[in-house]
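Following: one structure in structure tokens, then a few remarks.
The values are calculated or read from the model by the stated rules, or taken from the named source; none is laboratory data. On a predicted model such as this, the values are computed, not experimentally measured, just so you know. Because the Cβ atoms are built from the backbone with ideal geometry, glycine has one as well, and the counts that use them run over all protein chains shown.
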Amino acid sequence: MTLSSSLEQLRAELSLDLSQLDVIALDFERAMAAGLRGQSSSLKMLPSFLGLPTGDEKGDVLAIDFGGTNLRVMAARLDGSRGATIAAVDRFPLVDAKAGYNLIGASAQGAELFDAIARRLAKIAPDDGSLPLGFTFSFPCEQTAVMRASLLHWTKEIQTQGVVGQDVGNLLVTALKRNGLTRVEPRVILNDTVGTLIAAAYDAGGVDIGAICGTGHNACYLEPKHPLTGAPMIVNIESGNFDGVAQTRFDAQLDRTSVNPGGQRLEKMVSGKYLGEILRLVLVEWTEKGFLPKSPRLHETNVVSGAVLDQILLDHGDHAAIDRIAREKLQMTGLDAEQRRAVQAVMRLLADRSARLASASFVGIVRHTDPKLQAVHGVAIDGSLYEKMPGYAAELQRTLEGMLPKAEHPVATRLAKDGSGIGAAIAARVAKG
């Protein structure tokens, strides 16, 4: 086998045509229906107890955004006319080796984590007056009320102890009291995907699906008549856990070595957190077969970052940037022109597969809510893949159009920035009543 033939084999394994995507969308739709009925399904279909905003929500509000290794707190103002401004914001990492702390490692405790959140919120909370708070907590929860949500399990490699199985709303309220923030009124816990949909609906309307296509991957949608209430409700699908897509050997290898083997299988094929790792595994195989020069760093997990992936895709001409990345990031020297092109081709295959799988899940959602494909649908998407990865948004939109040629209205996608922040602020006002 040669490098060229190996690349063609990968192309066959990673490429998904419309007929394959249709099968995935149908399986996704069926998994949605099963999850909504409470039957066995890889899709949790978690209720948010929130509907869409009207656009006239108004007032000052606080928000917490916790969705990964960094945390953000903010104060915002809603003007009641679909406008929102950020008055203050504070960001901080949950892991800082130089400062000597790790709030999301296996030795960290939940009380320690939530106390740190409360202390950061204290920096921007007013000294007088009561303000509502929206809490974006972007991890799978069993939610039984707008402020009652028990963590099912951590994702994104977080391992903090004493949180799984606990009511995160209660953990937050208790931490706020311990830290003297009695004037802060927590009103809602939501997922970042739900926040993305709420923020986009408040800003301009015309959307009924929200998604994250970035470090993580998830989707939510407005269920027209939720079984719990008989009224419209946003459902957090936890679509990253969908298990209806066949794994390649590289997907299976990544899955086996992750902190949650067997879980979040779709997310491990779609999200930016894992695309670089899959690319690394391909390059490891190629070095072992003698198709690429040896690299001492290729055996280090997560050595290929998201920013590097974008640079690889943007590189044209003689692919000098790929050669530089190989030397500086991987300590791999002597890549010839064919090898550079092959590295870029694999990255393009992985990016396109990610976009097409995300599209297939959106098609499953549309068919679930609108079997006759007659209504107007819009997908609000936040995340670095959709916003920044070269060609990603175009491939996603192209796939949607290819999969739904008979839809009465094209399903449009649009960037929805900061759903996890502004979305939480708006949700606190939506939850008022």
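Listed conditions (1) charged (D, E, K, R); (2) closer than 16 Å to Thr136 by Cβ; (3) loosely packed, with under 15 Cβ neighbours inside 10 Å are all met by Arg72, apart from (3). Being at pLDDT below 95, within 22 Å of Gln143 (Cβ to Cβ) and either surrounded by 14 or more Cβ atoms within 10 Å (Cβ to Cβ) or assigned by TED's automatic domain parsing to the domain that holds His153 (or both) is a property that holds for Gly67.
Given the structure, is Gly290 at pLDDT below 90, surrounded by fewer than 20 Cβ atoms within 10 Å (Cβ to Cβ) and of a type in the set (Gly, Ala, Ser)?
no
Return yes when Gly205 is surrounded by fewer than 20 Cβ atoms within 10 Å (Cβ to Cβ), in contact (Cβ under 8 Å) with a residue 40 or more places away in the chain and not assigned by TED's automatic domain parsing to the domain that holds Asp65 and no when it is not. So Gly205 passes the test. Taking residues in region 268-287 that are more than 21 Å from Arg356 (Cα to Cα), and partners anywhere that are of a type in the set (D, E, K, R) and not in a helix (DSSP H, G or I), the pairs with Cβ atoms closer than 7 Å and at least 6 places apart or on different chains are Thr287/Lys294. Counting only residues that are over 20 Å from Leu62 (Cβ atoms) and more than 12 Å from the chain's Cα centre (by Cα), region 188-213 holds 9 of them. Quick one: would you say Ser81 is surrounded by fewer than 22 Cβ atoms within 10 Å (Cβ to Cβ) and in contact with a helix residue (DSSP H, G or I) (Cβ under 6 Å, 6 or more places away or on another chain)? Against the criterion (surrounded by fewer than 22 Cβ atoms within 10 Å (Cβ to Cβ) and in contact with a helix residue (DSSP H, G or I) (Cβ under 6 Å, 6 or more places away or on another chain)), Ser81 does not qualify.
Restricting attention to region 302-325, the residues that are farther than 14 Å from Gly276 by Cβ, surrounded by 19 or more Cβ atoms within 10 Å (Cβ to Cβ) and out of contact with any Lys or Arg (no Cβ under 7 Å at 6 or more places or on another chain) add up to 1. The numbered conditions (1) over 22 Å from the mean Cα position of the chain (by Cα); (2) of a type outside the set (Val, Ile, Thr); (3) more than 30 Å from Ile104 (Cβ to Cβ) are all true for Asp27 except (1). For Val343, the stated conditions hold: it is closer than 23 Å to Leu292 by Cβ, surrounded by 17 or more Cβ atoms within 10 Å (Cβ to Cβ) and not acidic (Asp, Glu). Answer yes if at least one residue in region 206-215 is of a type in the set (S, T, N, Q) and closer than 28 Å to Asp79 by Cβ, and no otherwise. Within region 206-215, not a single residue is of a type in the set (S, T, N, Q) and closer than 28 Å to Asp79 by Cβ. Inspect region 64-84 for any residue being in contact (Cβ under 8 Å) with a residue 40 or more places away in the chain, closer than 30 Å to Gly262 by Cβ, among the polar types (S, T, N, Q) and not in a loop (DSSP other than H, G, I, E, B) and give the result as yes or no. So far as region 64-84 goes, no, none of its residues is in contact (Cβ under 8 Å) with a residue 40 or more places away in the chain, closer than 30 Å to Gly262 by Cβ, among the polar types (S, T, N, Q) and not in a loop (DSSP other than H, G, I, E, B).
Look at (1) of a type outside the set (D, E, K, R); (2) in a helix (DSSP H, G or I); (3) closer than 23 Å to Gly263 by Cα and you find that Ser6 fails only one, number (3).
Taking the stated definitions as given, is Val366 in the same structural domain as Lys406 (by TED's automatic domain parsing), among the β-branched types (Val, Ile, Thr) and at pLDDT below 95? No: the conditions fail for Val366. Any residue at all in region 290-301 that's under 30 Å from Ile24 (Cα atoms), out of contact with any Pro (no Cβ under 9 Å at 6 or more places or on another chain), in a helix (DSSP H, G or I) and in contact (Cβ under 8 Å) with a residue 12 or more places away in the chain? Taking every residue of region 290-301 in turn, none turns out to be under 30 Å from Ile24 (Cα atoms), out of contact with any Pro (no Cβ under 9 Å at 6 or more places or on another chain), in a helix (DSSP H, G or I) and in contact (Cβ under 8 Å) with a residue 12 or more places away in the chain.
Here Val23 fulfils each of the conditions (1) surrounded by 15 or more Cβ atoms within 10 Å (Cβ to Cβ); (2) outside the structural domain of Leu181 (by TED's automatic domain parsing); (3) hydrophobic (A, V, I, L, M, F, W, C) apart from (1).
The rows are residues; the columns are (1) closer than 19 Å to Leu152 by Cβ; (2) aliphatic (A, V, I, L, M); (3) in contact with a strand residue (DSSP E or B) (Cβ under 8 Å, 6 or more places away or on another chain); (4) not assigned by TED's automatic domain parsing to the domain that holds Ser384.
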position	(1), (2), (3), (4)
Leu228	yes, yes, yes, yes
Pro232	no, no, yes, yes
Arg249	no, no, no, no
Gln253	no, no, no, no
Arg256	no, no, no, no
Leu275	no, yes, no, no
Lys289	no, no, no, no
